[in-house]
Amino acid sequence: MNKENVTFRLDVQKRDALDAIAASMDRDRSYVLNEAVEAYLEMRQWQLKEITAAIVEADAGDFASPEEVQNTFAKLTNANKMAS
């Protein structure tokens with residue numbers, strides 16, 4: 001795997017937090033940053049894939065029926081009531 005240096009500005013408090021996390025893991029700051037970037041990229045790539053798929057469905061006219069929306073809403077609101 002090819003690696004390249006990247007430089008960016010970071011608040012001192014965030015740098016200190018990264019260093020504390022790295023120290024607790026017996027790793028360096030670079031390791032923690034690489035883990036954070038990897039997690040961020042996975043999340044964003046998943047979101048973009050899902051958004052693209054949703055746009056394709058919408059363009060094809062594939063929408064949830066009013067009953068499906070109502071059932072999902074009821075399920076979510078009941079779950080929230082049970083969690084309280």
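The values are calculated or read from the model by the stated rules, or taken from the named source; none is laboratory data. Just so we're clear, the structure is a prediction, and the values are computed from it rather than from any experiment. Heads up, the Cβs are rebuilt from the backbone with ideal geometry, glycines too, and the neighbour counts pull from every protein chain shown.
Within the stretch 38-49, is there a residue that is small (G, A, S) and part of a helix (DSSP H, G or I)?
yes
In this structure, is D16 loosely packed, with under 12 Cβ neighbours inside 10 Å, in a helix (DSSP H, G or I) and not hydrophobic (A, V, I, L, M, F, W, C)?
Criteria met by D16.
Name the residues in the stretch 27-64 that are under 23 Å from E4 (Cα atoms) and either among the hydroxyl-bearing types (S, T, Y) or more than 20 Å from the chain's Cα centre (by Cα) (or both), would you?
Selection gives R27, D28, R29, S30, Y31, Y40.
Considering only residues that are touching an Asp or Glu at 6+ places or on another chain (Cβ under 7 Å) and not charged (D, E, K, R), which ones fall in the stretch 1-57?
If the condition is that a residue be touching an Asp or Glu at 6+ places or on another chain (Cβ under 7 Å) and not charged (D, E, K, R), then A22 is the only one that fits.
Pick from L33, L10: which is outside any helix (DSSP H, G or I) and either modelled with pLDDT of 95 or more or not aromatic (F, W, Y) (or both)?
L10
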